[in-house]
Amino acid sequence: MRPGLRIDNLCDKIGRFSVGPISLSISEGEYLAILGPTGCGKTSLLRALCGLSPHATGTVVINDEQINGLPPNKRRIGYVTQLSDLFPHMTVRDNVEFGMAYLSVSKKEKADRIARYLNLFRLDNIAAQPAATVSGGEAKRTAMARALVIEPRLLLLDEPLGMLDYNGRKVMMDILKLIHTELKTTTIHVTHDRYEAWRVADTCAVMDEGKIVQTSSVNDLFRTPKSVFVADFLGGKNIFEAEFCGKTASVPWGAVELPCPVSESKGYIVIRPERLRISPDSNKSLLCSVNSKRDCGDYIEIICGIDRENVFYMHAPYDEAVNLSVGDKISVTWATDAVHVITGQP
Amino acid sequence: MSGSDRPVKQWLPPVCIMAMQTASYIIFGISGWFMPLELFSVLLFLANVVICRILIKGGADNVLGSSIMFIIMTHALIGQRIAPDSLTSGSILMVNILILYVGFKIYENLSKLHFMLFVVSYGILFAVFIIGMENAEALFLLALMGLAATARDFRLLSYYWALVVAFTFCQPYAWPAVICLFFLIKILQTASDNRASATLLVFLASGLLLVFFVLLPVLILLADENSRNIVNMLKDADVLNALFTTAITATCSTLILTVLCVPLAYALVRSDFFGKTFLLSIIDLPIIIPQSAAGIMLLRVFSKQQVLGEFFFHALGIRFDGTLLGVILAQIFVSMPFILKSAMTAFSAVPLSVEQNARTLGASALSTFRRVVLPVSARGLLTGCILAWARAAGEFGAVLFIAPYPQTAPVAVYNRFTSVGLVETAPLVATLILFSVLLFFVMQFSINLMPKVHTRERN
């Protein structure tokens, strides 16, 4: 695989807010999701990449061509903004056609390509409509067709599912996946929703306070977060400070068996809430009391008190937990490999 | 009706009225205040006798009949005092009976508010035409008939009152006033149909009254002038020259302003630099400086006797005082803030992110300006140009000082007024106003030709 995009020490400063230094590399055709809380600098990173940020420094290389310093129109990076930002005075078709004027391809090829992309994004029916009158989902699809029709070297998507309802998101995610398999455009997809990242991306990077804190496959990110921030951001709610001694960790409420020995002496352990189970056999488990119970539809969230200070968040299947009530005593258990160890800084 | 549920002796009211009428005839006749044997009085007396008979026999509605008898009696007694002759008296009597009948119908069929308005309207008309004016009985009758015809509907009633107010209080400009008032009423009615709140209606009514009051002279002037005067004006070489000069200079200054100030406005909106706030505030200066002061100022700097003016004259062969260039210079000075401000407003309505999207799609900054920014803000820009043109064409103070000749239309009006007077200037002014109104419509039409930026309906 050729290296598609390489970023070295990209820094940007917008007022008091600063981003970077960020170093990142994506192979050609890869789909990278950048996850991070609101205000962590995701959008600023995208803007710096496509040249809209005047004060960005650092090196950006696409397909062995250095592009930092080029004006945005010379970079050939497709950028789909959060609000779609269609040209309000044009029809949907004219919007899609806009960037074709700057490509040196034949007229016939242009017409073919526009027809193909309108079809790909299911815009045929609304192609003649004024862009300002289409719905949010249609506007988003138009913006994507507009960005992709010029066949950019890199596609940047800023919260592409942000303003859609549940079904709209599902449709859009399918389209994204389909289009990525078809066009193989290197893509960076910025979002704050981990399930979205899980569904569409090959690789995932987590950002916090302007820096990338972890890059790995989506599954690794869930199972083996490198820091407490990543674990917490991805919903690993049971995080406890621990002291390690070989294959056991002592936590404030007792001792926990670890999947493998740890050499450091201090750190944290994480157990994801969906890996906790209610056990019928109370020997190998921990006795807790149900502090609260909330039906979340897919699962039931139970907060179990271990002792006065410490609680477990547990996502229990409906059948197991439906009959519990607050104050009940339950035995909580987990597989040994459900315990993940985080050493180093939080 | 109220009489039907309470048993009243049917013969009592008409007989009482008959007795009262007879008694009054005798008493007033003896005292000399009244002539009982005059033909009209006798007829009215006989009419009441007939109605009284019908009522006693139960041949008609008792309350309505009694009321008619009462009105006939009243007219018989005081009609001679109010109206000059028995024909007028008789007419007023007939119309009053009609009004009584309409009043009964309104009371029976429509709301209390309708009835109240009807009664109050009658009272006001009586006060205005009978008490307030001499010899206005015929008008009173006409007004009463109008009231009877329109009282059943609030909207008709409001138009009716607009007519009455315009023709009694706004003479001799009744027709312009009628047009304004009808327009105002129509505005308020359609606004209220579209569910404008009471607050909005009050805002509309109070503000529009002022607007129409200010615009009324335009209508009056046009209504006063006959078309032959205007045609004569257009044959006058001086007038034609002035119109032509105005059009040429205003167009030139607008073109110069558009070419230089529209891009400047874009730059001001989209860039940040040292002293931007200060620059933005001094742009308004030409609006604040009195026009005559601006004229003197320009003369002080650009006239041929002054340093800068002399430089232009000797180095480039250009002079400003008393030339078309001077007119254009003065016009540019006064219209610049208008075009800058409206262009800036138009440009700041274009979202920056839309422009940036165009950039990432391959458009250079210039291409983005041409393909995205200009079309999206086209309406605002054209409005700005029209404003600037209008301001330039109408400029008087600054132009008068730096270039009284070649004379523009505003200067021509002034010259004519000072040389021949008000009455002779009016046709010229009417011509100018006519031209302005025509141009105004042409320009509004051209704004609608600009690409329309659709917006989604939001609730």
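Before we move on, is B:Phe213 under 19 Å from B:Val437 (Cβ atoms), at pLDDT 90 or above and not in a loop (DSSP other than H, G, I, E, B)?
no
Could you say whether any residue in region A:177-187 is at pLDDT 85 or above and either assigned to a strand (DSSP E or B) or outside the structural domain of A:Lys13 (by TED's automatic domain parsing) (or both)?
The answer is yes, given that some residue of region A:177-187 is at pLDDT 85 or above and either assigned to a strand (DSSP E or B) or outside the structural domain of A:Lys13 (by TED's automatic domain parsing) (or both).
Please go through region B:372-395 and pick out each residue that is of a type in the set (Lys, Arg) and more than 14 Å from every other protein chain (Cβ to nearest Cβ).
Listed by number, the list holds a single entry, B:Arg391.
Of the residues that sit in region B:348-360 and are in a helix (DSSP H, G or I), within 14 Å of chain A (Cβ to nearest Cβ) and not charged (D, E, K, R), which one is farthest from A:Arg76 (Cα to Cα)?
Here the residue is B:Leu352.
Being without any contact (Cβ under 8 Å) to a residue 60 or more places away in the chain and touching a helix residue (DSSP H, G or I) at 6+ places or on another chain (Cβ under 7 Å) narrows it down to one of B:Ser377, B:Ser419, so name that one.
Every option except B:Ser377 fails the conditions.
Scan region B:225-239 and tell me whether some residue there is within 30 Å of B:Gly380 (Cα to Cα), in a helix (DSSP H, G or I) and either open to solvent by 50 Å² or more (accessible area, probe 1.4 Å) or not assigned by TED's automatic domain parsing to the domain that holds B:Ala166 (or both).
Within region B:225-239, none of the residues are within 30 Å of B:Gly380 (Cα to Cα), in a helix (DSSP H, G or I) and either open to solvent by 50 Å² or more (accessible area, probe 1.4 Å) or not assigned by TED's automatic domain parsing to the domain that holds B:Ala166 (or both).
So which residues in region B:36-69 are within 18 Å of B:Lys105 (Cα to Cα) and in a helix (DSSP H, G or I), if there are any at all?
Scanning region B:36-69 gives B:Asn62, B:Val63, B:Leu64, B:Gly65, B:Ser66, B:Ser67, B:Ile68, B:Met69.
Would you mind finding the one in A:Gly236, A:Gly267, A:Gly168, A:Gly246 that is among the small types (Gly, Ala, Ser), part of a helix (DSSP H, G or I) and either closer than 30 Å to A:Ile22 by Cα or open to solvent by 10 Å² or more (accessible area, probe 1.4 Å) (or both)?
So the residue among A:Gly236, A:Gly267, A:Gly168, A:Gly246 that is among the small types (Gly, Ala, Ser), part of a helix (DSSP H, G or I) and either closer than 30 Å to A:Ile22 by Cα or open to solvent by 10 Å² or more (accessible area, probe 1.4 Å) (or both) is A:Gly168.
Could you run through region B:193-210 and say how many residues are at pLDDT 90 or above and open to solvent by less than 50 Å² (accessible area, probe 1.4 Å)?
So the answer is 4.
Of the residues that sit in region B:347-371 and are over 18 Å from A:Met100 (Cα atoms) and without any contact (Cβ under 8 Å) to a residue 60 or more places away in the chain, which one is least open to solvent (accessible area, probe 1.4 Å)?
Restricting to residues being over 18 Å from A:Met100 (Cα atoms) and without any contact (Cβ under 8 Å) to a residue 60 or more places away in the chain, the top hit is B:Val350.
Write out, first by first residue and then by second, each pair whose Cβ atoms fall under 8 Å of each other, whose residues are 6+ apart or on separate chains, and whose first residue, in region B:272-291, is outside any helix (DSSP H, G or I) while the second is not β-branched (Val, Ile, Thr).
These pairs meet every condition: B:Ile283/B:Met336; B:Ile283/B:Pro337; B:Ile283/B:Leu340; B:Ile283/B:Lys341; B:Asp284/B:Pro337; B:Asp284/B:Lys341; B:Ile289/B:Met297; B:Pro290/B:Gly397.
Name every residue in region A:25-55 that is away from chain B (no Cβ under 14 Å) and either among the basic types (Lys, Arg) or in contact with a helix residue (DSSP H, G or I) (Cβ under 9 Å, 6 or more places away or on another chain) (or both), in order of residue number.
Hits for region A:25-55 are A:Gly29, A:Tyr31, A:Ala33, A:Ile34, A:Leu35, A:Gly36, A:Pro37, A:Lys42.
So in region A:80-103, with the set limited to residues that are open to solvent by less than 10 Å² (accessible area, probe 1.4 Å) and within 9 Å of chain B (Cβ to nearest Cβ), which one is farthest from B:Ser353 (Cα to Cα)?
A:Met100
Considering (1) out of contact with any strand residue (DSSP E or B) (no Cβ under 6 Å at 6 or more places or on another chain); (2) touching a residue at least 60 places away in the same chain (Cβ under 8 Å), say which one A:Arg93 fails and leave the rest.
Every condition holds for A:Arg93 apart from (2).
Filter region A:5-19 down to the residues that are surrounded by 21 or more Cβ atoms within 10 Å (Cβ to Cβ) and farther than 22 Å from A:Asp232 by Cβ and list them by number.
Residues satisfying the conditions are A:Leu5, A:Ile7, A:Leu10, A:Asp12.
Open to solvent by less than 30 Å² (accessible area, probe 1.4 Å), at pLDDT 90 or above and under 30 Å from B:Phe441 (Cβ atoms) - does that describe any residue in region B:320-328?
Checked against the condition, which is being open to solvent by less than 30 Å² (accessible area, probe 1.4 Å), at pLDDT 90 or above and under 30 Å from B:Phe441 (Cβ atoms), region B:320-328 yields at least one hit.
Select, from A:Ile77, A:Ile22, the only residue that is within 14 Å of chain B (Cβ to nearest Cβ) and β-branched (Val, Ile, Thr).
From the options A:Ile77, A:Ile22, the qualifying one is A:Ile77.
Can you tell me which residue among B:Phe369, B:Phe333 is under 30 Å from A:Asp85 (Cβ atoms) and either part of a helix (DSSP H, G or I) or away from chain A (no Cβ under 14 Å) (or both)?
None of the other options fit; the residue is B:Phe369.
State whether the residues of region B:298-313 include one that is among the basic types (Lys, Arg), within 37 Å of the chain's Cα centre (by Cα) and more than 14 Å from every other protein chain (Cβ to nearest Cβ).
No: region B:298-313 contains no residue that is among the basic types (Lys, Arg), within 37 Å of the chain's Cα centre (by Cα) and more than 14 Å from every other protein chain (Cβ to nearest Cβ).
Among the residues of region A:196-216, count how many are out of contact with any Cys (no Cβ under 7 Å at 6 or more places or on another chain) and closer than 27 Å to A:Tyr166 by Cβ.
10
Give the residue that is nearest to A:His55 (Cα to Cα), with candidates limited to residues of region A:20-41 that are of a type in the set (A, V, I, L, M) and open to solvent by less than 10 Å² (accessible area, probe 1.4 Å).
Among those that are of a type in the set (A, V, I, L, M) and open to solvent by less than 10 Å² (accessible area, probe 1.4 Å), it is A:Ile22.
Residues A:Pro152, A:Pro130: which one is surrounded by 19 or more Cβ atoms within 10 Å (Cβ to Cβ), within 13 Å of another protein chain (Cβ to nearest Cβ) and either over 25 Å from B:Ala349 (Cβ atoms) or free of Cβ contacts under 8 Å to residues at least 12 places away in the same chain (or both)?
Matching residue, one of A:Pro152, A:Pro130: A:Pro152.
For region B:63-86, what are the residues that are open to solvent by 40 Å² or more (accessible area, probe 1.4 Å) and modelled with pLDDT under 80?
B:Ile78, B:Gln80, B:Arg81, B:Ile82, B:Pro84, B:Asp85, B:Ser86
The values are calculated or read from the model by the stated rules, or taken from the named source; none is laboratory data. The structure presented is a predicted model; accordingly, all values stated were derived computationally and were not measured. A quick note on method: Cβ atoms are made from the backbone with ideal geometry, for glycine too, and the neighbour counts reach across all protein chains shown. Each accessible area value is taken on the protein alone, full model and side chains, heavy atoms only, with ligands, DNA and RNA left out. Shrake-Rupley method; radii C 1.70, N 1.55, O 1.52, S 1.80 Å.
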